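Structure record follows, encoded as structure tokens.
Read-outs: derived from the displayed coordinates by stated rules, not from any lab. Please read all numbers here as calculations on a predicted model, not as lab measurements. Glycine also receives a Cβ, built like all others from the backbone with ideal geometry; neighbour counts cover every protein chain displayed.
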Amino acid sequence: MTPTTETLISAGQPVARTINSVAWTVLRRVAGLAQAFKHRRDAAALASFDDRMLADIGLSRSDLRDALAEPMWRDPTAILVNRADERRVRRRRFALGPWSPGALAPSIVPDGGPHFDAAGNRPAATTH
């Protein structure tokens, strides 16, 4: 019995799907690697900025050193973005003051309602 063309095509579909999946995975990895190298080049360009310019964007020389010390295939911008965000949050909390509503976590005590007074305390039980 000889295999027909339809049998060969249907048997080849899983192989074709696997090859296609592997090809897309390789392509995504290569594109990610190219993007990481581009970001590394951009981060290295930040090294030419003076300290004042780096501070304006929320970075320091040590942030650049840490980011560029990562392995070549890893994107250094994640470290730079995290460090700048941390400083931005710290500056905002400092500017608002330690007791401002924006600096503290929201209260878990309900404000008012039938079982609590405005301070969040249970009122004394009343008898009728």
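So the values come out like this:
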| read-out | value |
| --- | --- |
| Table column - 3J(HN,Hα) (Hz), the range 30-37, Karplus curve with 6.51, -1.76, 1.60, x for Gly and Pro | 5, 5, x, 5, 5, 5, 5, 5 |
| In order through the range 43-57: 3J(HN,Hα) via Karplus (6.51 cos²θ - 1.76 cosθ + 1.60), integer Hz, x for Gly, Pro | 5, 5, 5, 5, 5, 7, 6, 7, 4, 5, 5, 5, 5, 4, 9 |
| Surrounding net charge for Ala47, when Lys and Arg each add one and Asp and Glu each subtract one, Cβ distance under 10 Å | +2 |
| P(r), alpha carbons of the range 13-96 - 10 Å bins starting at zero, rounded % | 16, 35, 22, 14, 9, 4, 0 |
